[in-house]
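The values are calculated or read from the model by the stated rules, or taken from the named source; none is laboratory data. Note that the structure is a prediction, hence the values are computed from the model and not measured. So basically every Cβ, Gly included, is an ideal-geometry build from the backbone, and we count neighbours across all protein chains shown.
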Amino acid sequence: MLQSAHARLKAGIDVVIGVVETHGRAETEALLKRWKCCRASG
C-alpha cells in the first residue's frame with residue numbers, strides 16, 4: 001500500500017496516511033522514511 005501511495009504522490013495526488021504498523025519489517029520502515037510525519041499529542 002505504501003508503494004501505491006508513493007506512485008499517487010508522484011502523479012500529483014495528495015495522500016494522507018493515518019496509521020502504519022510496521023511489525024518490525026525493515027522494508028516497511030524504509031518506505032516510511034520518505035514521508036513527512038506528525039504525531040498527535042495526547
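What tally of residues in the range 18-35 results from selecting those that are in a loop (DSSP other than H, G, I, E, B) and either within 15 Å of ALA5 (Cα to Cα) or at pLDDT below 85 (or both)? Write out each step before concluding.
Restricting attention to the range 18-35, the residues satisfying the condition of being in a loop (DSSP other than H, G, I, E, B) are 18-25, 33-35.
Okay, now just the ones that are also either within 15 Å of ALA5 (Cα to Cα) or at pLDDT below 85 (or both), so 18-20, 33-35.
Of the residues in the range 18-35, 6 are in a loop (DSSP other than H, G, I, E, B) and either within 15 Å of ALA5 (Cα to Cα) or at pLDDT below 85 (or both).
Do you know which residues across the range 5-17 are in a helix (DSSP H, G or I) and under 10 Å from the mean Cα position of the chain (by Cα)?
ALA5, HIS6
From ARG8, ARG39, which residue is out of contact with any helix residue (DSSP H, G or I) (no Cβ under 7 Å at 6 or more places or on another chain), modelled with pLDDT of 90 or more and not hydrophobic (A, V, I, L, M, F, W, C)?
Answer to the check: ARG8.
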